[in-house]
Amino acid sequence: MARRFRALTASRVDDLPSGCTCCALWERGSERLECGSVVEREELVTWIRGVQHEWGDCGRVAYESGESLGFVKYAPPRFFPQVARMPVPPDEDSVLIACLHVEAGLREAGLGKVLLQAALRDLVSRGERTVEAYAAAGPAGRGEDVPLMTVEFLLRQGFTVSRPHPHYPLMRLELRTLAAWTESLESVLESLQLPRALRERVPSPLARP
């Protein structure tokens, strides 16, 4: 029942949580900030390959016995056309965390925090200096279909508000302020008290009605 982190690659797209395998919202852009509002698997696969070739790994996937528990996706803002539709612009020199998703039923157990730490550790090792993320502020900006972390979650991880907005503020973290990590994140992942059985995977629809 070993748990492991793996890089987000084109070959692992089909391992992503249901609803995420075909979602190309950030990779194409949409007027609706809603998970699955742009659905194109091959476009997502091409995007991952292009980012890896030009910049490097763009995410981490957490696994338990071959089943994905959740994932985080990140890259410089220029790789995410959706930022042009966001109410405030990101810093072009930062790395943007676009998505962090944990399977329903596995939330509230600390997995989101560990996934975020896995992303931050990767970015620190590559010499990146700052990371940003759009956040959902309050019930007006957050719902099950909104692909954003909450302001409260990011504040707890050390982020601050970089560019305010009533619904979708831009949060920022200076990576040089992070204390050195000595623990193994995979050991932390192994120690999380997650439910014994994963929710049965349901294939995501290729399009919304």
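Once you order the gyration tensor axes a ≥ b ≥ c over the Cα atoms, which shape class does segment 3-187 get: rounded for a/c under 1.5, otherwise prolate or oblate by comparing a/b with b/c? Here segment 3-187 falls in the rounded category. If Lys and Arg each add +1 and Asp and Glu each add -1, what is the summed charge of the other residues whose beta carbon sits under 14 Å from the beta carbon of V45? Local net charge: -1.
Using just the helices of the chain, give the 222 nm mean residue ellipticity in deg cm²/dmol: DSSP H runs with n ≥ 4 each add -39,500 (n - 2.57), and the total is spread over all residues, rounded to 500.
Counting only the DSSP helices, I get -6500 deg cm²/dmol.
In order along segment 52-69, the phi-based Karplus estimate (6.51 cos²θ - 1.76 cosθ + 1.60, θ = phi - 60°) of 3J(HN,Hα) comes to 4, 5, 8, 10, x, 4, 10, x, 9, 10, 9, 10, 9, 6, x, 9, 6, 9 Hz; Gly and Pro are listed as x.
Bear in mind that the values in this text are calculations on the coordinates, not laboratory data. This is a predicted model, so every value here is computed, not measured. Cβ: placed from backbone, ideal geometry, glycine included. Neighbour counts: every protein chain shown.
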